[in-house]
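First comes the structure, then the notes that go with it.
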Amino acid sequence: MSILNELRKNAFIDIIKKGKRLTDRDFFDYREINIEKDVIDTAAGSALVRIGETQVLAAIKFAVGEPYSDRPDEGVFSTNAEFVPFANPSFESGPPDENSIELARVVDRAIRSAEIVDVKSFVLDDGKVLMMFIDLWILDDQGNITDAAGLAAMGALLCTKIPKYENGVLVREGKLKDLAPKGIVTSHTFGKIADKLYVDAVLDEDVASEGKITYGVMDDKIVSVQKSGEAGFSKDELFEIMDIAFKKHSELKKILKGD
Amino acid sequence: MSKNEKLIVNGKRTDGRKPNEFRPLSIKAHVLSNTEGSALVKWGNNVILAGVRGPRECIPKHMTDPFKAVLKVRYSMAPFSSKEEHGRSGPNRRSIEISKIIKHVFENVVILEKFPKSQIEIYIEVLQSDGGTRCAAITAAAVALADAGIPMKDLVQAIAVGKVGDTILLDLNYVEDSADNGSDMPIAVAGRNKEVLAFQMDGMLTKEDMSIMFDMAFEASEKIKEIQIKALEEVYFTDEKGETERYIEL
């Protein structure tokens, strides 16, 4: 950790011990959330999400390909995250690093486990299948990009139109069927520092955190979990934040359905 | 050629423009929080984000120039930015060449001697494309650099002029750009003295054609400059607080 980050962390610990956060918020409150759907004309579906000053764009596109040999009756989808270098001074150009891969996999896992995308409907007449690409473009990182990326992916799925397959090519314009996901999944990331737990970290809280838990939630079920960082969590802690994750899920669900 | 004939009907182009008209251009400066300067450019159906970081310490050290700052440019197209296939992430030969062209533009106007041993980074992300992204990228980067407060001799504008069939067209869109036997000539100019800072061409043109095309580009650059300046004024000539909210609107 750099000296500057070490100083920031110490300052943050002092503040958090006084029962306060870096921004004027309760420990389990999100910053203001804003979702704009269908913002990229060249994509099949897209959404731009802002949580405070954090900005993430998700865009979905389709291609035609071969199914996995062990699952010939299912299409495929994959999720990729790009930490655009201007989003955070620590992001560098180049192939995805471990953080970018982890984020993409956490978002992917929530969508996959919740089974909200009907991959069986991706099978085409000639044995080929639709391949769906979910791209998560981190444009501005002021903390908690995981939840923002999860929301953006969900927002994009909600407005995705499936291209038609005609004479061996994809037709991306005209009257198209909605993807119509079967449910709504949201991700909720909790940080831990000095035995305090909080949701929706700002960047300094992210940098200082000793550990994080991300819960993927759909209705009354947990559909994915990721623990990251060195901190240990007690069972009580894990269940306390689980209850909060369910509450936050219903709040975020309303925002997603909003427009 | 039949493909081309449809591109201009009764003097109007597929999107209703006249031959010497450029697509609607809007610029918003200062849209990102983690950069010194940024700009969002929407030019026709192109959507481009540019962010500038620095001047900061030059890394790796062996690239350091003791007399001036090193300029680094990354132009990148998001895989979802094109109408057709999902592209591949990461740099390819095209984007590396465009990054280099853009770097040379700003090596000319940025006063790099002010910042020895440091680097200035320009990151350009194409989110939606419809022909003319390199010109939109240069136009965006110029505003992002100005927003970052980096001293420059001039503000740069860029636009492509092309020829399809017998007609010279300003600011080609993707369909026009990919026409058979078409020519495309992207140009970047310094706003005040019209020095040409980027210049590429593919196609087949006469000297006379090119002269007309240059004049069209110069004329358009004046209008582009006004839009750039307006975008910067919106951020810096604010009424009371002086703090503008930074966010992207797509």
Checking a compactness column here: for the protein assembly as shown, what do you get for Rg(Cα) / (2.2 N^0.38 Å), N being the number of residues? 1.04
Quick calc of log₁₀ I(q)/I(0), segment B:43-112, Debye, one scatterer on every Cα, no solvent, q values 0.15 1/Å, result -0.65
For chain A, return all DSSP H helices satisfying: extent of Cα atoms along own axis at least 30 Å; mean Kyte-Doolittle hydropathy at least -0.5. A:235-257
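Mind scanning A:Lys161/B:Lys6; A:Lys161/B:Lys18; A:Lys17/B:Lys28; B:Lys68/B:Lys207 and naming the pairs with a C-alpha gap bigger than 31 Å? Please report the intermediate quantities before stating the final value.
Details: A:Lys161/B:Lys6 29 Å; A:Lys161/B:Lys18 33 Å; A:Lys17/B:Lys28 41 Å; B:Lys68/B:Lys207 38 Å.
Correct reply: A:Lys161/B:Lys18; A:Lys17/B:Lys28; B:Lys68/B:Lys207.
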Here, chymotrypsin sites (Phe, Trp or Tyr not before Pro) of segment B:49-129 satisfying both criteria (DSSP loop; at most 13 other Cβ within 10 Å) are B:Phe67
Calculate, for A:Glu210 and B:Arg88, the FRET efficiency according to 1/(1 + (r/R0)^6) with r their C-beta to C-beta distance and R0 51 Å; round to the nearest 0.05. 0.85
Label A:Val171 and A:Ala194 with points 7 Å out from Cα along Cα→Cβ: what is the distance between them in nm? 6.3
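Tell me the mean residue ellipticity at 222 nm calculated for the protein assembly as shown from its helices only (DSSP H runs of n ≥ 4, each -39500 (n - 2.57), averaged over every residue, nearest 500).
On the way: 10 runs with 144 residues, N = 509.
Dividing the helical sum by the residues of the protein assembly as shown leaves -9000 deg cm²/dmol.
Taking neighbour counts of Cβ atoms within 10 Å as a proxy for exposure, in what order, fewest first, do B:Met201, B:Met213 appear?
Working: B:Met201 16, B:Met213 22.
Final ranking by Cβ density, sparse to dense: B:Met201, B:Met213.
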At q = 0.08, 0.10, 0.13, 0.16 Å⁻¹, the log10 of I(q)/I(0) for chain B from a Debye sum over equal Cα scatterers comes to -0.31, -0.49, -0.81, -1.18
In this structure, among A:Lys164/A:Lys254; A:Lys37/A:Lys247; B:Lys72/B:Lys100, pairs with alpha-carbon gaps over 19 Å are A:Lys164/A:Lys254; A:Lys37/A:Lys247
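Looking at chain B, do any whole DSSP H helices span at least 20 angstrom along their long axis by alpha carbon and average 1.0 or above on Kyte-Doolittle, and which? If you can, show how the numbers build up before the last one.
Values: long enough: B:93-109 (25 Å, -0.17); B:133-147 (21 Å, 1.21); B:207-236 (43 Å, -0.24).
Those that clear 20 Å and a mean of 1.0 are B:133-147.
Taken together, the values in this text are just the output of simple stated rules run on the coordinates, not laboratory data. Please read these numbers as outputs of a predicted model, since none were measured by experiment. As a convention, Cβ positions derive from the backbone with ideal geometry for all residues, glycine included, and neighbour counts pool all protein chains shown.
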